[in-house]
Amino acid sequence: MDEVIIRINGLQHYLWRSVDQDGDELDILVQKLRDKKAAKKFLKKLLRGQQANTLNIVTDKLRSYPTAKRVVMPCVEHSAIRKQSL
């Protein structure tokens with residue numbers, strides 16, 4: 001899971017996206033915020049569309065992810081990695 005900054009009509013938004021272990025895109029969501037509430041909304045939306053059980057999620061080190069994960073999917077393992085710059 002990751003999020004990137006995009007501009008829509010000159011306003012900053014965040015494009016949240018999730019991919020599986022094969023690199024296939026699972027879901028995307030565009031939001032104005034990048035906080036716990038936004039992360040929680042994205043995780044809930046992601047889970048609604050899944051047919052298989054999620055065992056592990058890997059995110060960047062944004063602090064919103066672990067706090068939202070504890071509420072939405074407490075039994076799922078979480079790994080946080082540092083983003084690599086190009």
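Taken together, the values in this text are just the output of simple stated rules run on the coordinates, not laboratory data. Values in this document were obtained by computation on a predicted structure and should not be read as measured data. Here the Cβ is made from the backbone with ideal geometry for all residues, glycine too, and neighbour counts use every protein chain on show.
Which whole-Hz ³J(HN,Hα) couplings does region 17-32 yield from phi under the Karplus relation 6.51 cos²θ - 1.76 cosθ + 1.60, θ = phi - 60°, glycine and proline marked x?
Values per residue, Gly and Pro as x: 9, 10, 10, 8, 5, 8, x, 7, 6, 8, 6, 9, 7, 9, 9, 7 Hz.
Per residue, what volume in Å³ does the convex hull of the Cα atoms of region 2-80 enclose? Write out the running numbers ahead of the final one.
Working: hull volume 7.1 nm³, N = 79.
Considering the Cα atoms of region 2-80, their hull volume per residue is 90 Å³.
What longest range of the chain stays clear of loop-exposed trypsin sites (Lys or Arg not before Pro) (DSSP non-H/G/I/E/B, at most 12 other C-beta within 10 angstrom)?
On the way: sites that count: Lys32, Lys61, Arg63, Arg82, Lys83.
No qualifying site falls inside 1-31, the longest such stretch.
What does the net charge come to around Met73 if you take all other residues with beta carbon closer than 11 Å to its beta carbon, with K and R at +1 and D and E at -1?
Neighbourhood net charge equals +3.
So what J values fall out for region 50-59 if you push phi through Karplus, 6.51 cos²θ - 1.76 cosθ + 1.60 with θ = phi - 60°, rounded to Hz, Gly and Pro as x?
For region 50-59, the Karplus-derived couplings read 8, 9, 9, 6, 7, 9, 8, 10, 10, 10 Hz, x marking Gly and Pro.
Could you tally up the Lys pairs in the chain with alpha carbons closer than 12 Å? Skip any pair fewer than 8 positions apart unless they're on separate chains. Each step should come with its number before you reach the end.
Values: Lys36/Lys69; Lys37/Lys69; Lys40/Lys69; Lys41/Lys69; Lys44/Lys69; Lys61/Lys83.
For the chain, qualifying lysine pairs total 6.
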